[in-house]
Amino acid sequence: MVKIRVSTLTLGLAVALLGTLVLACSDDAADKLSGRATPGGRGNGGNGTSGTGSSGDPGGVNGSGLSPEETLFRALETDLSKKCGGVCHTDGTFTPTPPKFLEGPDAYKSIKAHPGIVTRDVYQSALLTKGPHAGPAVSADPDFEKKVIAWLEAESLAIQSQKLPSTDPVTVTQGANDIDLSKACVSGLAGVHLKFQASLVGGMLALEQMTIVAPAGTDVHIYKPKFVKILATPKADGSTDVYDPADSFSNTDQTVPGGQETGFATGSVLFSGDGFRPFDMATEKIRIEFEKLEPGKVAVLQGADTCKNPAGFAANVLPAMKGGGGFNLNCSGCHGNGLANLSLNSNDNALVCNQVLAKMTKGNIGGSLIVTKVTNGPHQGGIITDKTGWQSLFTNNAAVFF
């Protein structure tokens, strides 16, 4: 895992904002801001509040009543609105409709509530990952980019200071273990269990055969669990928590089908880092935090469509494609043995029918590739002169395909 060190911010300094470059509008539809995919949509939004006092300082910065992160945003707000707001991300009246993450009456609440902008990992923020669109990327103005990053770093620090949902401390025993994760769940989720076999290897805690059990009827999304060792004797500062120094499950982002027991992440872990080693099962415990342990949705991958009536295709369509039916082209001369993924000379009618189906558009058969390629071109094998007849060959026989 690449770890990014968040710089220390001089929070009392007023941020001077310069630059007049207009970033214009997003060309994405509303609520689709991110410019590149991030694993599982990683990077969660803020808490949707104004952030006042979230730093733990009731007086805020210089007695303003604002948290450090909100103070930085308010200093940035004017330039951000000039560059990204207006008909774009304030009013959302540009076409196509962009996400209104600067919408009034409070742009700070709006931008923190919008998914993917305020993130734990600063450089996964959609403000930074979005490249040139209807307007240039934030990075097109380096000074402005630095100020955006400074604000996002402050938000990241605030997120990291918040306690994550966690299980109670539990005792780990040699052999089979079953931990109820319900206390760490959100959105009413309950009944999620982590199972594993535990042992000590050279004094290090080893967990193997790790599985997650999801409750019946509810898929479970698991994101970045963190294992914490609970010391029997507090450290000098009075704390008892030791976080897994390797952050062994930092890449975990999986969804478990409801009612099933599924292998968890890598399936095993050996806690060998300083502070976690050695582990005393008799006196020490563990708890598990989660950035997300919530209801999810398992993606169902659908297979490719298949022809409904390969025999009908072979009787009514294939002969015309092979030179019959009065057309001036014989497609099998070029496409008989796999060219452009067509094997018209094959005796497997289902195979050939499925190959042709892959070049058809159900809602617009007349505009399908199998039609337009030989009627409009370009096509090295020539153009069919009876364009209407060729189109009718497929529209009239749609039932053999769909």
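The values are calculated or read from the model by the stated rules, or taken from the named source; none is laboratory data. All figures in this text were calculated on a predicted structure; none of them were measured in a lab. Heads up, the Cβs are rebuilt from the backbone with ideal geometry, glycines too, and the neighbour counts pull from every protein chain shown.
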TODO: Mind telling me which of the residues ALA190, ALA150 ends up being out of contact with any strand residue (DSSP E or B) (no Cβ under 7 Å at 6 or more places or on another chain), among the small types (Gly, Ala, Ser) and farther than 18 Å from VAL213 by Cα?
DONE: ALA150
- [ ] Identify the residue in segment 261-272 that is part of a strand (DSSP E or B) and of a type in the set (A, V, I, L, M, F, W, C) and, among all such residues, is surrounded by the most Cβ atoms within 10 Å (Cβ to Cβ).
- [x] PHE271
Open item on the list: I need the helices (runs of 4 or more DSSP H) fully contained in segment 67-125, keeping only those with at least 3 residues that are under 19 Å from ALA154 (Cα atoms).
Closed with: 68-84, 107-113
TODO: Using the structure shown, decide if GLU69 is in contact with a helix residue (DSSP H, G or I) (Cβ under 8 Å, 6 or more places away or on another chain) and either farther than 24 Å from LEU164 by Cα or at pLDDT below 85 (or both).
DONE: no
Open item on the list: Restricting to segment 94-137, name every residue that is touching a helix residue (DSSP H, G or I) at 6+ places or on another chain (Cβ under 7 Å) and within 15 Å of LYS83 (Cα to Cα).
Closed with: PHE94, PRO98, PRO99, LYS100, PHE101, LEU102, GLU103, ALA107, LEU127, LEU128
TODO: Given the conditions (1) touching a helix residue (DSSP H, G or I) at 6+ places or on another chain (Cβ under 9 Å); (2) surrounded by 15 or more Cβ atoms within 10 Å (Cβ to Cβ); (3) not in a strand (DSSP E or B), report the number of the one that THR218 does not fulfil.
DONE: (1)
Open item on the list: Checking the conditions here, which among SER139, SER156 is in contact (Cβ under 8 Å) with a residue 24 or more places away in the chain and over 20 Å from GLU294 (Cβ atoms)?
Closed with: SER156
Open item on the list: Suppose the filter is in a loop (DSSP other than H, G, I, E, B), within 20 Å of ASP168 (Cα to Cα) and more than 21 Å from the chain's Cα centre (by Cα); does ALA232 pass it?
Closed with: yes
Open item on the list: Could you tell me how many of the residues in segment 122-132 are surrounded by fewer than 17 Cβ atoms within 10 Å (Cβ to Cβ) and either under 16 Å from the mean Cα position of the chain (by Cα) or touching a residue at least 12 places away in the same chain (Cβ under 8 Å) (or both)?
Closed with: 2
TODO: Have a look at ALA236, ALA190 and point out the one that is in contact with a helix residue (DSSP H, G or I) (Cβ under 8 Å, 6 or more places away or on another chain), surrounded by fewer than 18 Cβ atoms within 10 Å (Cβ to Cβ) and either among the basic types (Lys, Arg) or assigned by TED's automatic domain parsing to the domain that holds ASN177 (or both).
DONE: ALA190
TODO: Six or more apart or on different chains, Cβ under 7 Å: which pairs go from a residue in segment 82-102 that's under 16 Å from ALA126 (Cβ atoms) to one that's of a type in the set (S, T, N, Q) and at pLDDT below 80? Could you list them?
DONE: CYS88/SER26; HIS89/SER26; PRO98/SER26; PRO99/SER26
- [ ] Go through segment 273-302 residue by residue and tally those that are surrounded by 17 or more Cβ atoms within 10 Å (Cβ to Cβ) and in a loop (DSSP other than H, G, I, E, B).
- [x] 4
Task: Checklist (1) touching a Gly at 6+ places or on another chain (Cβ under 7 Å); (2) crowded, with 18+ Cβ neighbours inside 10 Å; (3) within 29 Å of PHE290 (Cβ to Cβ); (4) aliphatic (A, V, I, L, M) applied to LEU102, failing item - done: (3)
